[in-house]
């Protein structure tokens, strides 16, 4: 007997493990009859998961935490037993802002501290000349994109709430908004950075892996109550996603995976652009300059799929730093409890352990992150909007 | 309801027909201050220009995420949203998601004043999708009739049948093969295309 499941997703490359699990038949092999539902907004995915229209969803990791904490919204405990992707975002800037930053930079353009300091000089000069503040686009208030942009610019002395405008934009609108000057830069996942570069309207300034070595990006999310009622089904879903992640990470399978993902009812962009992302080989400038990184997007390799509660703690710390959440031991416990390596290990046959070297956040600025001392950690940063 | 006490409602919808249906319903119910926004570029600024108490948006609209940032105050956000429908009323949330609409309530509006707006919104959205379904059904029925007529023409020509005989042949074939007459007609068209 097969179990019917409805799973929501947003057309982004980091939904790949879920899409390939279904379209390659890995889900069917686990006895699951999955209907993937393509959605247009994170709010829709969240709400439909919350009220049970979806059994599971491709979800921004911070939304899973915010939902469990009841931040800004209905409180529905969510668990994330599988990481669909680590990293995968990039910061893209308009040609004009790129030129301005390069005009101010003192050091290597790949060094996020050098670019952040250059940005702060650009911001200061604009203020002195009476120009409008810069506008940066990101995908959602509770998103890694939001926190990665903030972390980066604040390290250079730019206050993201005072010195510029940070606005939410749906990913499909990012490129147009950059082209017509509604935003000067954005942080978004694949394929949109590459699309902007290909159209000649943007330069990729940073892969977010320049900012954080390992950042939980999207998770496979289910309601906690559902996970408790359907442990076998959940384990089957985790195994199907794991098999898909392993398939995608084999270089010889990449072109097949990219073709599956490129289908119009899945991600619906060129297979070549998708493959660039999976391979971590991106064109970063309209002049054709390429950059490779083995850390651009991790789907399953280096233990990426196994949820790490320290990552959840880091995301919670960002919510506190920027005034979205209150500091408190209970909230921290709830946040960390969203990421469930135990469910992942159980699905894999028990006894699973995090692979060596897979821990840590690896931020380019500030002290090493310690989930046990978030207040101490945040105190090390000058810019922030939290009350101890 | 006087103009002053009527809350200001902004409808964000790229479908002009659905927005008109909703706006009309709201006006009939006495909500006289209703504005429709159909342009998504710079949405936040457009919304603020009207300073609404309630914002209604359809769920097919990716710009729903743009409104979510109004839960927090920042340089880009002036008047924050206090809640999303009534958080304690899960039946309302389900009904609105199923109808395909969501409501954002700006800080300051009393809770009991939201319910009639939301209920009306849900019923108008449901009425619109029913209309849409009927339209789609009529369209496909029309298409099917065209296909049947063309298949009839082919049978009449190829087999030398009258119009009635051609129709009876298709109908009896459909019954024997447990298919719809439209499907049989489509097969005749496909076959005749292949044999051309």
Within segment A:297-313, is even one residue closer than 30 Å to residue A:253 by Cβ, in contact with a strand residue (DSSP E or B) (Cβ under 8 Å, 6 or more places away or on another chain) and free of Cβ contacts under 8 Å to residues at least 40 places away in the same chain? no
If you check residue A:345 against the conditions, is it free of Cβ contacts under 8 Å to residues at least 40 places away in the same chain and over 19 Å from residue A:86 (Cα atoms)? no
Given the conditions (1) within 14 Å of chain A (Cβ to nearest Cβ); (2) under 21 Å from residue B:100 (Cα atoms), every one holds for residue B:45 apart from (2)
Scan the strands (runs of 3 or more DSSP E) fully inside segment A:1-103 and keep the ones with 2 or more residues being within 14 Å of chain B (Cβ to nearest Cβ) and either surrounded by fewer than 19 Cβ atoms within 10 Å (Cβ to Cβ) or without any contact (Cβ under 8 Å) to a residue 60 or more places away in the chain (or both). A:3-9, A:32-38
Positions within segment B:154-165 being more than 15 Å from residue B:190 (Cβ to Cβ) and surrounded by 12 or more Cβ atoms within 10 Å (Cβ to Cβ), in sequence order: B:156, B:161, B:163, B:165
Verdict on residue A:237 being touching a strand residue (DSSP E or B) at 6+ places or on another chain (Cβ under 9 Å) and either on the phi < 0 side of the Ramachandran plot or buried (at least 24 other Cβ atoms within 10 Å of the Cβ) (or both): yes
Does residue B:151 meet the test of being at pLDDT 90 or above and either touching a helix residue (DSSP H, G or I) at 6+ places or on another chain (Cβ under 6 Å) or crowded, with 16+ Cβ neighbours inside 10 Å (or both)? yes
I'm trying to understand the selection: among the residues of segment B:25-47, which are surrounded by fewer than 15 Cβ atoms within 10 Å (Cβ to Cβ) and in contact with a strand residue (DSSP E or B) (Cβ under 9 Å, 6 or more places away or on another chain)? B:27, B:38
Residue ranges of strands (runs of 3 or more DSSP E) in segment A:111-214 with at least 1 members touching a residue at least 12 places away in the same chain (Cβ under 8 Å) and away from every other protein chain (no Cβ under 13 Å): A:185-189, A:203-207
Kindly indicate whether residue A:276 is part of a helix (DSSP H, G or I) and in contact with a helix residue (DSSP H, G or I) (Cβ under 8 Å, 6 or more places away or on another chain). yes
Matching residues, segment B:101-122, being without any contact (Cβ under 8 Å) to a residue 60 or more places away in the chain, assigned to a helix (DSSP H, G or I) and surrounded by fewer than 17 Cβ atoms within 10 Å (Cβ to Cβ): B:111, B:112, B:115, B:119
Check B:69, B:87 and return the single one that is under 26 Å from residue A:139 (Cβ atoms), in a helix (DSSP H, G or I) and either within 14 Å of chain A (Cβ to nearest Cβ) or modelled with pLDDT under 75 (or both). B:69
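The values are calculated or read from the model by the stated rules, or taken from the named source; none is laboratory data. Note that the structure is predicted; figures quoted are calculated from it, not measured. Ideal geometry is used to build each Cβ from the backbone, glycine not excepted, and the neighbour counts take in all protein chains shown.
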